[in-house]
1. Once each part is reduced to its C-alpha centroid, what is the distance from region 1-76 to region 80-143 in angstrom?
2. For N104 and T323 in one chain, what is 0.36 nm times their gap in residues minus the Cα-Cα distance, to one decimal in nm?
3. Which order do Y247, Y331 take by accessible area at a 1.4 Å probe, largest first?
4. For A112 and D295, compute 0.36 nm times the residue count separating them, minus their Cα-Cα distance, and round to one decimal in nm.
5. At a probe size of 1.4 Å, how large is the accessible area of H277, to the nearest 10 Å²?
6. Nearest 0.05, what FRET efficiency do A243 and E57 give at R0 = 22 Å with Cβ-Cβ as r?
7. Quick one: putting +1 on the C-beta of Lys and Arg, -1 on the C-beta of Asp and Glu, what dipole do you get for the chain around its Cα centre, in Debye to the nearest 20?
8. Using 0.36 nm times the number of residues separating D170 and Q366, minus their current alpha carbon distance, what extension gain do you get?
Amino acid sequence: VPAGFSDTRLAGLVSPTALAFTPAPDPRLIATRQTGEAEVYDLNGTLITAAVDLSGEICSGFERGLLGVAVDPAFASNRYVYLFANFGGCNSSNEGRVVRYTVNPNWTFAPASRVIIVDNIPSINGNHNGGDIHFGKDGKLYISVGDSGTAALAEAKNTLAGKILRVNADGTPASDNPFYAESGAQRCGDTDGATGAGTCQEVYAFGLRNPFRIVMDPNATGTRFFINDVGQNTWEEISESAAGANYGWPTREGPCPNGQNCTPNLPSGNGFADPIHWYGRSIGTTITGGAFVPDGIGWPSVYAGAYLFADYGAGKIFRLNRTSTTGTNQYTRTDFVTGLGSSSAVALVFGPSALGGQAVYYTTYQDGGEIRRVIY
């Protein structure tokens, strides 16, 4: 890590996938495992409780499993927590599902409180599930979904695969979604599933391969987020949120026609939303988690407005700064944490530290699985 920073192991956690904090005055860290367990920790990394165990209900083979967690903005009053997991057998009929639990005073998730929020999220081939869930400042729940290993679904708006979904907290499609009022549009994520051929009303953006992590910007006045989309053979890419956007997969990867290492000339005028940053296989192989550095936390000035993101294969966390307002690629990438090893960093989140102030927490599959904290 850079001078002035420390990187500390907080806890061992096998196959850690996602992290979320409950709000003050009693902040706790919720961590999920791919195998189906969610655990709750205090700020020192001490395990408080095993909150829920879905291992007997889900498939955690290949890239499936318990992949995402979100805390309701009104948690202080309703104590709701949301999970994204692949329920059912490890076969082509497996489906992703977002469920909601009520958290007990002892931090366990009440089993009888479980409610299905979004259902019928395809996971046809076991890979490219996406699986991230976050609330925006508009109070809507945003869900990232991969193409389920079937690239052609990404640009087909009558399926939830390859999309960013935007729903109300109860799972109903937001009525101001870009395709909500299209003729024949339907709710696809209810328990009955799609019954027609119309556009899914939950769709906010499409044309994504595996948006494994989406990252809300806490410094924006409204809902703004970045999409970390895992590439195939050529590019890893980061895109900015835009309602109704088509990010181009599988027609293209990164800023180029699919499979090409092109010299981009943007804007291209081809109807696709261009990534704000991309990098090739000499840099990394699998973009994963990210976190915007919150304003006013006392970090050095180079981190003002910066975006941190990880690459699972490269074993690094990078810092991304906007250094221009013109040209094709307006962002500059710098190493932040290095030497994590291959198959490493997965999720990042800022939260309160037991040492005071804010720190960035991340999970890694290295060394048997860990939760780690970087503080300045």
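1. 14 Å
2. Extra length available between N104 and T323 comes to 74.2 nm.
3. Y331, Y247
4. Using 0.36 nm per residue and subtracting the Cα-Cα distance, I get 61.9 nm.
5. H277 has an accessible surface of roughly 10 Å² with all protein chains in place.
6. Step by step, r from the Cβ atoms, then E = 0.05.
7. Dipole magnitude for the chain comes out near 400 debye.
8. Length gained between D170 and Q366: 66.9 nm.
The values are calculated or read from the model by the stated rules, or taken from the named source; none is laboratory data. Predicted model only: the values in this text are computed from it and were never measured. Cβ coordinates were reconstructed from backbone atoms using ideal geometry, including for glycine residues, and neighbour counts include every protein chain displayed. These area figures cover heavy atoms from the full protein model, side chains too; ligands, DNA and RNA do not enter into them. Shrake-Rupley method; radii C 1.70, N 1.55, O 1.52, S 1.80 Å.
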